[in-house]
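The next block holds one structure in the form of structure tokens; read it before the comments.
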Amino acid sequence: MSRSTKLAFLLRHDSTYPFTQEGWRTIEDLCENHSYTLQEITCIVDTDTKGRLEFNSDRTCIRAVYGHSVDVFPDLIEARPSSLLYHGTSVDKVEKIMEEGLKKMSRNYVHLSTSMMEALEVGSRHGKPIVLEIDVLKMVDDGIRFWKARNNTLWLTEYVNPSYISTLKDIEL
């Protein structure tokens, strides 16, 4: 496991750590208990092209912006998406998704992307990828809430009913 992957795990899924309600973890803990240095953590944050991690204002704490399975509530921005969004998954999961919808599973939210290619990359992590198109405008009209992650390419919601989902075919990596 790479150091950046381990850091992401520690900030998103470590159920043994007493996170603040907003999801902050101290730099001191990461240095003392997990052998990180502030310089290494800063390098990981600075080179993360997806903007998944952020420091607090005095750089004494860090958190993941999204993707948590622990009960934390980063200060997400509730907003209204203005176009279609996408969800990447594997072909073998489509039938179940089309029956039951997109569920947050072990995470706190369902993740939707503004980029079809990013969704395809996510789907490829789980097998033969497929991209689902989500009619978020209809969802918003129906009163469903969305939050925008700070990285501006990821949207979060609690559940996507199958009636809002369609599959996209003929998309290649």
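The values are calculated or read from the model by the stated rules, or taken from the named source; none is laboratory data. Here the structure is a predicted model, which is why all the values come from computation and not from measurement. We place every Cβ from the backbone using ideal geometry, glycine too, and count neighbours over all the protein chains shown. Each accessible area value is taken on the protein alone, full model and side chains, heavy atoms only, with ligands, DNA and RNA left out. Shrake-Rupley method; radii C 1.70, N 1.55, O 1.52, S 1.80 Å.
Per-residue ellipticity at 222 nm, computed for the chain from helices alone with -39500 (n - 2.57) per DSSP H run of at least four residues, works out to -8000 deg cm²/dmol. Given +1 at the Cβ of Lys and Arg, -1 at the Cβ of Asp and Glu and no other charges, the dipole of the chain around its Cα centre is 160 debye to the nearest 20.
In plain terms, the bigger the Kirkwood radius, the slower the diffusion; for region 1-50, with that radius from Cα pairs, at 4 °C and 1.567 mPa s, Stokes-Einstein puts D at 114 µm²/s.
Working from label points 7 Å from Cα in the Cα-to-Cβ sense, the Leu137 to Ser83 distance is 1.2 nm. Between Thr5 and Glu99, the simple label model (points 7 Å from Cα in the Cβ direction) yields a spacing of 3.2 nm.
Extension gain for the segment Phe55 to Gln39, taken as residue separation times 0.36 nm less the Cα-Cα distance, is 4.5 nm to one decimal. The alpha carbon radius of gyration of region 85-164, expressed as a multiple of 2.2 N^0.38 Å, is 1.01.
What's the carbon and sulfur percent of region 43-113's accessible surface, probe 1.4 angstrom, rounded to a whole number? Numbers along the way, then the final one.
Details: 1910 of 3860 Å².
Ligands and nucleic acids excluded, carbon and sulfur reach 50 percent.
Taking the convex hull of the alpha carbon positions in region 36-76 and averaging its projected area over all directions gives 3.4 nm². Of Phe73, Phe55, Phe146, the residue with the largest accessible area leads and the full order is Phe73, Phe55, Phe146 (1.4 Å probe).
Counting only heavy atoms of the protein chains, get the accessible area per residue of region 1-144 (1.4 Å probe) and round it to a whole Å² value.
Numbers: 7860 Å² over 144 residues.
With all protein chains present, region 1-144 gives 55 Å² per residue.
With the alpha-carbon atoms of the chain aligned to their principal axes, the span from lowest to highest coordinate is 48, 33, 26 Å, starting with the largest.
Which entries of Lys103/Lys138; Lys93/Lys148; Lys96/Lys128 have Cα-Cα distances beyond 21 Å here?
Numbers: Lys103/Lys138 18 Å; Lys93/Lys148 25 Å; Lys96/Lys128 15 Å.
The answer is Lys93/Lys148.
Using alpha-carbon positions, what is the distance between the centroids of region 38-74 and region 130-165, in Å? One Cα centre to the other: 24 Å.
Only sites in a loop by DSSP and with at most 15 other Cβ atoms within 10 Å count here; which GluC sites (Glu not before Pro) in region 92-133 make the cut? Walk me through the numbers before you get to the answer.
On the way: sites: Glu95, Glu99, Glu100, Glu118, Glu121, Glu133; in loops: none.
Sparse-neighbourhood loop GluC sites (Glu not before Pro): none present.
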